[in-house]
Structures are given as structure tokens and as C-alpha cells.
Amino acid sequence: MKNNVTFSTANYDYLYSCNHKECIPLHPILRRIIKLDEDGCLGSVPNDPELNGYSPEMIAYYLRKYDYLKARGIIASKDNVEFASLTASSIQEELENLSVLTFEVTDRCNLRCRYCAYGDLYEGYDERKGQDMDFGVAQKMLEYLYSIWENANPLSSVRTVAIGFYGGEPLMNFELIRQVVEYTSKHPLSGIVFKYNMTTNAMLLNKYQDFLQKHDFKLLISLDGTKEDDCHRITTNGKPSFEHVYRQVKVLKQTYPDYFQHSVVFNSVIHSKSNIERILDFFEKEFGRQTMFSELSNKSVVNKEVYDSMYRSVIGSIALSARQRELDEKLMYGSPTISSLTYYLHHLSNEVFKDYRTMFYGVKKLSLLPTGSCIPFSRKLFVTVTGKILACEHISHEFALGRVSEQGVKLNLEEIAQKYNEQYYSKITPVCKKCYMQKCCAQCMFYTGIQEQKVVCRNYKNYDSFAKYLATNLNYMEQNPWAYDRVMKEISLY
Ligand code: SF4
Ligand code: SF4
């Protein structure tokens, strides 16, 4: 692997230094000097035929600049990356500072969305048997975590633990939700503020809205847009759910306008029948806000033909629109283009610093784990309806880390660390060692076929694809300077 990646946009040439995460404009003379040095011909620079059109003074100037960049380490050979191992103590630390706990309260649902991850399109999830989680299971999980939190040294004196309810349709097991809220209210913990959130299809919204408003639940409502965009969200009788859901949301908005304003957001799945402009106009007109977009998961697809006929990417939908720039500006981080740019600026450039210490003294060489997978429980602890404990709800249930039942919690942190190191990291590390995203990877390894014979990472970047990735982001900023300004001013990932 090389440290220096050269690439071109529509207007300029650039040099990117992987070691320094620095991108500098590259004069054609400098670009040629770098190439000649890489080929072991630095001495031939003054007589190089490709530099014929330039004066000796200019060539001498860029040779001095080249020496300067080398002295600063911008132009250098690539630092070797040694990946660290996961330890039980780092998992323990994440449990002590857990910020999101989500219960899959039921696998029952009152809709049969055609693209549902638990439906006929996919495999890899536990069979849906119409089960509800018993409060005894949720209580054991809470007791286990309480015992850790009571004895822990948290990183901050007061922190929020968000308790989420997930399904199926969580409101179909409202009793468990009520019991969990009651439990945390009756068992306050010093230094912890509990907050609640839920992803819901809104079919039962009005029945429970008083409770949700009273406890300030943050609601993520799944609604794909207008009736046409929402066509795959059908009831158990095969009827469209749109009219019913639309009415429920309208009633919530009228009954609790302030709560609706600050605590309700939407998510819309994009598919081949959606129209992104129509969706945005719908949410703006009806609810005075934008929706977030998501795509059909491409993981563990079994019915490829149906999947292919239904799938469309968000970026593909925006590209089809004549209002592309307007959509990027409206969606900002929700636009894949802006999201990619934000990732570049936050993780692959020296434009954004996590804190003043790193700004003044540089990034400390922290031990680097392979891939962008989270350390278990650093983002979430997810409990399935059958009591499996997972790092989140998005990954296959085969990656369960432990179990909880009415008898208690089985979570062996040493075994989890060993499994990550020996079964997962050891398999993907040879690929990551050759990948240009290795120091700033966002790829979850559970989407790379880590259980299969051969891992396939669709975000793997060799020299050429990394150069293309850099060029795409720099090119977008050149064409859209507003995007740089707004990302720097408005988006904070830390
Ligand atoms: S998708 Fe992967 S990286 Fe993201 S929270 Fe889940 S387990 Fe962690
Ligand atoms: S993008 Fe894939 S191959 Fe590259 S470092 Fe991340 S996980 Fe490894």
C-alpha cells in the first residue's frame, strides 16, 4: 500500500497523504516529480520531456516543495497498521457506559410489509412465532445492568440511557412497555436519566398516545410517503395501511402539537415505486417536516428476483430527480452524497477535530480494531423476543452474544472477546490490511459474510477505488461549495 494517493477532479489534481489525512492541491510538475521518484528516476526531473514546457526555476521550486513535503512526512512511505485485539475489559467498559438498551417486545405485527426483514424476502432471523416478551425477561436484563451501573465508574457524572422498544409492532405488547417504564420510574439510579423511544407503524398510535406523550417517547414512525409510495405496507388482509396510519398520525399531531413537533420523526423505505420528490413534498405539506430514508437491506436475501424488482437506492432515486441539488440541501445528512462528504470531512481529513487536545497535539495512536464494527454494547444492547442478546437489531440473530431468560443473564465477556478475535477478526484482517479505509472504516463486519468461507467486503478500497472515492467527494465540494460550509457548520458527529 502507498501513503500518497494522487487523483484528479474536473478542475484540479490532488495529493492525499494517508498518514497525515491531508489533501493538498497538486501542481502538474509536482505530480510528475512524485511519479518519477516512485519509479526511482528523481535525478531525471530537470530533463524530463513531460516537463519541457516549464521553466527551470519552476521545476527547481517544485523540487524544493517536494523536499519540504517529504521532510514534513506528507510524502512518505505508508505507516504499517497493526490491529489490536478485543478485550473483555473493553466490553465491560461499554456495558458500564451503555447508552441504548432496546427490547424487541414482540414479534407480532399488524402489518405484512412486502419488504419486511422478517418476511419471505430474507433469511437469518429467528422464525416469527407470534411471541411476546415476558416482563420477567426484561426485568432480568434490567437487574443485570443495574448491578453493573451501580458499581461502575461511568465516563460522565450524568448520562442518558435510552430504552427502546422494537418489534414486530411494539404497541402490540404495550403491557411490557408500560411495565418497563414503571420499573425504571420506581428504581431511579443516581447519575442516569432514562428516556424512551420506539419505532412504530402507528396502527395503534391513538390508543396509546396519552401514555407516549406523558413519558415523552421519541417516536420513529414508519410511513413511506403518499398512498402510492406506501404501497408495500399492507395489512394482514392484504389491504393498504396508508389511510389508517395517516389518520392516526394526524390525530396525534392535532392532540399534542408540541409533543409531535419535538418528539416525532418519520422513516420511509425507498423502493422501485417510490418517488423521492413526491415523498418529501408530502411530509412537508402534511406534517411540516422531512422524513429519513432507508433502503431495503441487501443482507440474507433469499428471493432475489422479487428483491431486485423492488430495490432502489436512495442515491439512485435522488439521481433520477431534476431537483437533485435542492434534495441534497433539504436532506443534508439524509442525502447519501452529503453523508459521504461528511464522513470524508470528519474521518479522512484534518478539517474536523474531536476535541481541542487532538487539534493542538494530534491524534494519539490509539489501538485500532479491524473493520468499523462497534465494540459490543458501545452503541446498543439489543434483546430479541426470544432473549438473545445482540450488539444491535440490524444484524443476523446468529451473531447473538448471550442470552437472557427469567432465570437470569448469560453473558460471558471473555468468550465474546475470544469469538471476535479468533472467529471474526482473524478472518477479515488480511483483507483490511490491504484496504485503504483501514484507519477510518465504517463497515460492519457482520455484513461481509464473516460466517462464510470467504468474506466479501463491498466497501473494500484498493488504490484506484480509494482515489475514485476521494475524487468524488472533492469534486462534489468544488461544484457545491455550500455543501462544505453547511457540513462544517451544521453537522456534528462527535
Ligand atoms: S450494524 Fe454492526 S457496527 Fe452497527 S451497531 Fe450493529 S453490530 Fe455495531
Ligand atoms: S472497508 Fe472492509 S476491507 Fe476495508 S477496512 Fe473496512 S472492513 Fe476491512
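The values are calculated or read from the model by the stated rules, or taken from the named source; none is laboratory data. Because the structure is predicted, anything quoted here is derived from the model rather than measured. Neighbour counts are summed over all protein chains in view; Cβ atoms, including those assigned to glycine, are modelled from backbone coordinates with ideal geometry. These accessible areas exclude ligands, DNA and RNA; they are computed on the full protein's heavy atoms, side chains included. Shrake-Rupley method; radii C 1.70, N 1.55, O 1.52, S 1.80 Å.
Values for this structure:
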{"quantity": "Net length gained if the chain between Lys227 and Ser44 were fully extended (0.36 nm per residue, minus Cα distance)", "calculated": "59.1 nm"}
{"quantity": "Carbon plus sulfur fraction of accessible area for the chain, probe 1.4 Å, in percent", "calculated": "50 percent"}
{"quantity": "Reachable aspartates and glutamates from Lys273, criterion Cα separation under 13 angstrom, eight or more residues apart if same chain", "calculated": "Asp224, Glu228, Asp229, Asp230, Glu295, Asp308"}
{"quantity": "Whole-number accessible area per residue in Å² for the chain, which is evaluated in the context of all protein chains at 1.4 Å", "calculated": "49 Å²"}
{"quantity": "Sum of -39500 (n - 2.57) over DSSP H runs of 4+, divided by residues of the chain (222 nm, nearest 500)", "calculated": "-11500 deg cm²/dmol"}
{"quantity": "Antiparallel %, DSSP beta bridges [both residues in the stretch 88-361], to 5", "calculated": "15 percent"}
{"quantity": "Gyration tensor (alpha-carbon) shape descriptor, the stretch 88-361, a/c threshold 1.5", "calculated": "oblate"}
{"quantity": "Helix axis angle, 135-150 relative to the chain longest principal axis, alpha carbon, degrees", "calculated": "50 degrees"}
{"quantity": "Point-to-point label distance, His244-Ser190, nm (Cα→Cβ direction, 7 Å offset)", "calculated": "4.9 nm"}
{"quantity": "Spin-label proximity, Asp132 to the stretch 208-244 - amide N less than 16 Å from point 7 Å beyond Cα toward beta carbon", "calculated": "208"}
{"quantity": "Relative contact order of the chain, pairs being alpha-carbon contacts under 8 Å that are 6 or more residues apart, as %", "calculated": "18 percent"}
{"quantity": "Alpha-carbon centroid distance for the pair the stretch 32-92 / the stretch 127-187, whole angstrom", "calculated": "54 Å"}
{"quantity": "Between the stretch 458-494 and the stretch 234-302, the Cα center-to-center distance that results, in Å", "calculated": "29 Å"}
{"quantity": "Gain in span if fully extended, Asp308 to Asn52, counting 0.36 nm per residue against the direct Cα distance", "calculated": "86.8 nm"}
{"quantity": "Diffusion constant of the chain at 25 °C, which comes from Stokes-Einstein with the Kirkwood Cα-pair radius and 0.890 mPa s, µm²/s", "calculated": "96 µm²/s"}
{"quantity": "Residue-span extension gain [Asn151 to Gln179] - 0.36 nm each, minus C-alpha spacing", "calculated": "7.6 nm"}
{"quantity": "Coordinate range along principal axes, alpha carbons of the stretch 4-79, Å, largest first", "calculated": "32, 28, 20"}
{"quantity": "Protection proxy ranking, peptides 476-486, 253-263, 438-448, average beta carbon neighbours within 10 Å, highest first", "calculated": "438-448, 476-486, 253-263"}
{"quantity": "Formal net charge of residues neighbouring Ala88 (Cβ-Cβ distance under 12 Å; K, R +1; D, E -1)", "calculated": "-3"}
{"quantity": "Rounded to 10°, Cα long-axis angle of helix 336-347 versus longest principal axis of the chain", "calculated": "70 degrees"}
